[in-house]
Amino acid sequence: MFGRREPVPFAFVAEADRFRSNVTPPPRERSSLGQMAGRWLLGLTIVAGLAGSLVIGTPALTPDKAADQPQQSQASERR
């Protein structure tokens with residue numbers, strides 16, 4: 001942007017981009033075996049659901065061979 005001629009009224013706002021904290025956050029707790037198994041199970045369930053919907057939905061997306069032939073009603077077959 002362009003430079004301003006008047007000073008910034010709040011100097012701490014202007015310096016907020018350069019601020020670095022010297023306080024380190026606490027280390028993250030390790031996930032328990034049950035939590036890791038639950039995440040894997042959830043992920044596997046989602047992937048299996050997507051794969052299953054793809055397998056079940058694919059036949060509905062293929063063009064039907066019987067739709068190409070004109071259908072005759074049973075009434076037209078009787079004499």
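If the condition is being among the hydrophobic types (A, V, I, L, M, F, W, C) and either at positive phi or part of a loop (DSSP other than H, G, I, E, B) (or both), then the range 23-51 contributes only VAL23. Residues in the range 34-60 that are modelled with pLDDT of 95 or more, open to solvent by less than 90 Å² (accessible area, probe 1.4 Å) and more than 20 Å from the chain's Cα centre (by Cα): GLY34, ALA37.
On inspection, SER31 passes the criterion of being surrounded by 10 or more Cβ atoms within 10 Å (Cβ to Cβ) and either at pLDDT below 95 or among the aromatic types (Phe, Trp, Tyr) (or both).
The values are calculated or read from the model by the stated rules, or taken from the named source; none is laboratory data. In this text, all values refer to a predicted model and were calculated from it rather than measured experimentally. No Cβ is skipped: glycine too gets one built from the backbone with ideal geometry, and neighbour counts run over all protein chains shown. What goes into the accessible areas is simple: the full protein's heavy atoms, side chains included, and nothing from ligands, DNA or RNA. Shrake-Rupley method; radii C 1.70, N 1.55, O 1.52, S 1.80 Å.
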